[in-house]
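The values are calculated or read from the model by the stated rules, or taken from the named source; none is laboratory data. Just so you know, these numbers come straight off a predicted model, no measurement behind them. Cβ: placed from backbone, ideal geometry, glycine included. Neighbour counts: every protein chain shown.
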Amino acid sequence: LNQIAVPGVYLLIFFLGYPSQILFCYLDPAPLTRNELYISNVVLVLIYITYTKSVFVDPGTIPKSFGQDDKKEHEIGSERRGDGLKRTKWCRKCDAAKPPRAHHCKECKR
């Protein structure tokens, strides 16, 4: 399933983008003008570029300075402080601060 996800999204973008342009060229009350077709093609190319970058660019790592205050206080878990701010979660596996909604990846071992 992982091997067909990215090509599947490319095909979805293609089939939603180009046939709809052809369809809108012949629909009444007013078909697309040449400028509108150029704009829609530019937007479609930008969608391809941003999707490709989001798939193939490395997400990076967490900076070492992230959550250093919480390490000093030995806080593990997420609790509310008196001022209403949430504490940073601490990862026991890599002994580092854990950003919200973050987890270790089983595929790339990070």
Pick from the stretch 23-38, criterion in a helix (DSSP H, G or I) and of a type in the set (A, V, I, L, M), ranking: surrounded by the fewest Cβ atoms within 10 Å (Cβ to Cβ): 23
Out of all the residues in the stretch 6-21, which are surrounded by 10 or more Cβ atoms within 10 Å (Cβ to Cβ) and either of a type in the set (S, T, N, Q) or under 15 Å from residue 56 (Cβ atoms) (or both)? 6, 9, 10, 20, 21
What are the pairs, 6+ residues apart or on separate chains, where a residue within the stretch 32-48 that is touching a residue at least 12 places away in the same chain (Cβ under 8 Å) has its Cβ under 7 Å from a residue that is in a helix (DSSP H, G or I)? 37/21; 40/21; 44/17; 47/13; 48/13
For the stretch 24-56: of the residues being modelled with pLDDT of 85 or more and small (Gly, Ala, Ser), which is nearest to residue 6 (Cα to Cα)? 54
